[in-house]
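Asker: Could you have a look at this structure, given as structure tokens, before my questions?
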Number of protein chains: 2
Amino acid sequence: MAQRVIAGITMSLDGYITGPNDRPGAGLGEGGERLHWWVFGGPWTYETGARGDADPVDQEYLGSVFPTGGAMLVGRWMYEAAEGWGDDPGFGVPAFVVTHRPHPRVVKGTTSFDFVTDGFAAAVARAREAAGERNVLIMGGGDVLRQSLDAGIVDQLTLTIAPVLLGGGKRLFDGMQRLDTTFERTRVVESPWATHLQYRVKRRTGEE
Amino acid sequence: MAQRVIAGITMSLDGYITGPNDRPGAGLGEGGERLHWWVFGGPWTYETGARGDADPVDQEYLGSVFPTGGAMLVGRWMYEAAEGWGDDPGFGVPAFVVTHRPHPRVVKGTTSFDFVTDGFAAAVARAREAAGERNVLIMGGGDVLRQSLDAGIVDQLTLTIAPVLLGGGKRLFDGMQRLDTTFERTRVVESPWATHLQYRVKRRTGEE
């Protein structure tokens with residue numbers, strides 16, 4: 001299998017990928033936890049903490065994506081909002097952080113974070129090289145995912161639709177330039193907490 | 001079966017239910033035809049006209065909804081944008097148009113349009129009474145559907161996700177007040193042209 005670039009993100013019914021006021025320490029923003037109920041198999045909040053395991057349906061979906069990854073691409077804001085995914089992110093592959101602010105390399109357990117300051121394309125190139133034959137996984141946030149879609153590098157996008165209304169926050173597609181991007185649905189996964197819509201991403205012009 | 005209020009609308013991946021500049025004669029706005037490729041079984045434009053039949057999968061979906069209706073509720077803007085659905089809409093049931101501007105009753109073939117000027121609740125009451133044991137179908141547009149959701153009268157909402165980006169237009173949920181509305185997915189229909197996500201609509205407070 002040739003290397004592919006795979007992205008996935010969870011969106012509310014009203015199109016938000018975070019609630020209002022997402023920031024470091026507040027993860028997905030006000031009410032944004034509900035986007036990720038499917039990740040932990042049910043209701044949780046930043047106060048109670050996320051403790052549960054994903055439903056078997058969601059575990060199967062996650063298992064169809066993450067083990068294929070050889071490197072990750074992530075935005076600086078998301079890195080900060082997730083507080084670096086704690087002491088041991090457990091990604092098992094190198095992650096490349098798109099940023100303007102230099103930061104020394106971070107190594108935590110099996111995960112390394114390299115902060116790439118010479119542009120989005122350079123970060124993509126680093127991740128592609130590190131991934132080798134394996135896939136590049138785009139972790140988000142919205143800016144990096146939108147840049148990736150605009151750059152035409154995304155082969156597969158999974159939009160996970162969480163059945164909630166957030167009423168505010170960040171929208172995935174706001175500011176998207178390449179409206180000629182097309183999406184061919186390849187799979188639907190119905191979990192108790194969300195609906196995963198998997199698309200092959202192309203361009204209407206025939207580019208892939 | 002008791003009467004239910006059923007709504008359905010097609011939304012782009014970026015959350016638009018029309019393209020930019022929807023208006024009488026331009027239906028769903030610029031590029032908005034792509035929202036309804038599933039209705040006619042493939043690509044069409046307002047220039048070429050819509051001629052084809054829906055894919056059997058979509059026909060089955062439509063057949064699970066429309067024959068259950070005893071009356072329809074529709075907004076005045078949508079009525080105008082659709083130009084009254086032509087000479088013979090073929091609805092076979094009375095339709096009630098929510099409007100501020102009086103208009104005489106219109107009868108076209110098996111379809112009647114009554115223009116209700118004394119408020120949204122009055123129009124709903126008229127539709128409910130006319131539907132009898134059968135369902136009330138909310139045809140849209142966005143304003144009427146959003147009002148219906150805010151009023152808590154919708155029992156079932158089908159969000160049909162068309163795999164396109166419109167980049168502008170009207171958003172279904174902008175201005176929605178009752179963010180405590182919850183959605184329980186009851187069915188997914190995968191057509192070649194779109195994905196129908198059917199939800200039971202409730203309130204988090206336990207109201208239904």
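Just so it is clear, none of the values below were taken in a lab; they were calculated from the coordinates. As the structure is a computational prediction, the values presented were derived from the model and not from experiment. Reconstructed Cβ throughout: ideal geometry from the backbone, glycine too, with neighbour counts over all protein chains shown.
Asker: Using every pair of alpha-carbon atoms in segment B:1-58, split the distances into 5 Å bins beginning at 0 and state the percent of pairs per bin, rounded to integers.
Answerer: Taking all Cα pairs of segment B:1-58, the binned fractions are 4, 17, 22, 22, 17, 9, 5, 3, 0 percent.
Asker: In addition: Compactness ratio of segment A:159-208: Cα Rg over 2.2 N^0.38 Å, N = residue count?
Answerer: 1.39
Asker: Could I ask something else about it? List the relative contact order of chain B as a percent without decimals, with contacts defined as Cα pairs under 8 Å and 6+ residues apart.
Answerer: 29 percent
Asker: Turning to a different aspect of this structure: So if we plug the beta-carbon distance of B:VAL106 and B:THR45 into 1/(1 + (r/R0)^6) with R0 = 25 Å, what FRET efficiency do we get, rounded to 0.05?
Answerer: E between B:VAL106 and B:THR45, to the nearest 0.05, is 0.35.
Asker: Something else now. Round to the nearest 0.05 the FRET efficiency obtained for B:THR182 and A:GLU184 when R0 = 41 Å and r is the Cβ-Cβ distance.
Answerer: Efficiency computed from Cβ-Cβ geometry: 0.85.
Asker: Tell me which of B:VAL107, A:GLN177, B:VAL124 sits at the most positive position along the dipole axis of the protein assembly as shown, charges placed on C-beta atoms (Lys, Arg +1; Asp, Glu -1).
Answerer: It is A:GLN177.
Asker: Would you mind giving the average projected area, over all directions, of the Cα convex hull of segment B:118-166 in nm² with one decimal?
Answerer: 4.4 nm²
Asker: Also: For A:THR158, B:THR160, which order do you get if you count the other beta carbons within 10 Å of each Cβ and list the fewest first?
Answerer: Listing A:THR158, B:THR160 from fewest to most nearby Cβ atoms yields A:THR158, B:THR160.
Asker: Another question, then. Evaluated at 10 °C with a viscosity of 1.306 mPa s, what Stokes-Einstein diffusion coefficient in µm²/s does segment A:1-117 have when Rh comes from the Kirkwood expression over alpha-carbon pairs?
Answerer: 102 µm²/s
Asker: Please arrange B:VAL5, A:VAL106, B:VAL74, A:VAL136 by how many other C-beta atoms lie within 10 Å of their C-beta, fewest to most.
Answerer: Taking fewest neighbouring Cβ atoms as first place, the list is A:VAL106, B:VAL5, B:VAL74, A:VAL136.
Asker: Among the residues of chain B, which one places its Cβ closest to the rotation axis that maps chain B onto chain A, and what is that distance in whole Å?
Answerer: Smallest Cβ distance to the axis, with its residue: B:GLY15, 2.
Asker: Here's another thing I want to ask about it. With a 10 Å Cβ neighbour count serving as the proxy for reagent exposure, in which order, fewest first, do A:GLU190, A:GLU47, B:GLU80 appear?
Answerer: Ranking A:GLU190, A:GLU47, B:GLU80 by Cβ neighbours within 10 Å, fewest first, gives A:GLU47, A:GLU190, B:GLU80.
Asker: Same structure again: For the protein assembly as shown, with only Lys/Arg (+1) and Asp/Glu (-1) charged at the beta-carbon, what is the dipole magnitude about the Cα centre, in debye rounded to 20?
Answerer: Approximately 280 debye in magnitude.
Asker: How big is chain A by Rg and Dmax over its Cα atoms, in Å?
Answerer: Computed over the Cα atoms of chain A, radius of gyration and Dmax are 16.2, 48 Å.
Asker: Each residue of segment A:58-73 in turn: what ³J(HN,Hα) in whole Hz from Karplus with 6.51, -1.76, 1.60 and θ = phi - 60°, glycine and Pro shown as x?
Answerer: The phi angles translate into 6, 4, 5, 4, 4, x, 7, 10, 4, x, 7, x, x, 6, 10, 10 Hz.
Asker: For chain A, give the magnitude of the charge dipole about the Cα centre (Cβ charges: +1 Lys/Arg, -1 Asp/Glu; no others), in debye to the nearest 20.
Answerer: That gives a dipole near 500 debye.
Asker: Could you work out the per residue convex hull volume over the alpha carbons of segment A:91-151, in cubic angstrom?
Answerer: 85 Å³
Asker: Quick one: 3J(HN,Hα) in Hz for segment A:28-36, Karplus 6.51/-1.76/1.60 with θ = phi - 60°, rounded, Gly and Pro as x.
Answerer: Per residue, the Karplus-derived 3J(HN,Hα) values read 8, x, 5, x, x, 3, 4, 4, 10 Hz.
Asker: Distances in nm, one decimal, shortest first, from A:ARG4 to the same residue in every other copy, taking the label point 7 angstrom along Cα→Cβ.
Answerer: For A:ARG4, the other copies' label points sit at 3.5 nm, shortest first.
Asker: Taking amide H positions as placed in the peptide plane 1.01 Å from N, state which residues far from A:ALA95 in sequence (5 or more) or on other chains have amide H under 5 Å from it.
Answerer: A:MET72, A:SER112, A:PHE113, A:ASP114
Asker: Taking a label point 7 Å from Cα toward Cβ, how far is B:GLU80 from its twins in the other copies, in nm, shortest first?
Answerer: Distances to the matching label points in the other copies: 4.6 nm.
Asker: Please list the non-local residues whose amide H lies under 5 Å from the amide H of B:GLY69, H modeled 1.01 Å from N, same-chain partners needing a gap of 5 or more.
Answerer: The answer is B:ASN135.
Asker: Ok, one more. Distances in nm, one decimal, shortest first, from B:GLY52 to the same residue in every other copy, taking the label point 7 angstrom along Cα→Cβ.
Answerer: Counterpart label points of B:GLY52 in the remaining copies fall at 4.2 nm.
Asker: Another one. Just add up the charged neighbours of B:VAL189: K/R +1, D/E -1, any other residue whose Cβ is under 13 Å from the Cβ of B:VAL189.
Answerer: -2
Asker: Further question: Cα convex hull of the protein assembly as shown: mean projected area in nm², to one decimal?
Answerer: Result: 21.2 nm².
Asker: Pull up all non-local amide H partners of A:GLN3: gap of 5 or more, or a different chain, and H-to-H distance under 5 Å with H placed in the peptide plane.
Answerer: Amide H neighbours of A:GLN3: none.
Asker: From the phi angles alone, apply the Karplus equation (6.51, -1.76, 1.60; θ = phi - 60°) to segment B:151-164 and give each ³J(HN,Hα) in whole Hz, x where the residue is Gly or Pro.
Answerer: 7, x, 9, 8, 8, 9, 10, 9, 9, 8, 9, 8, x, 9
Asker: Could you tell me how far the Cα centroid of segment B:1-25 sits from the Cα centroid of segment A:123-171, in Å?
Answerer: If you average the Cα positions of each part, the centres end up 28 Å apart.
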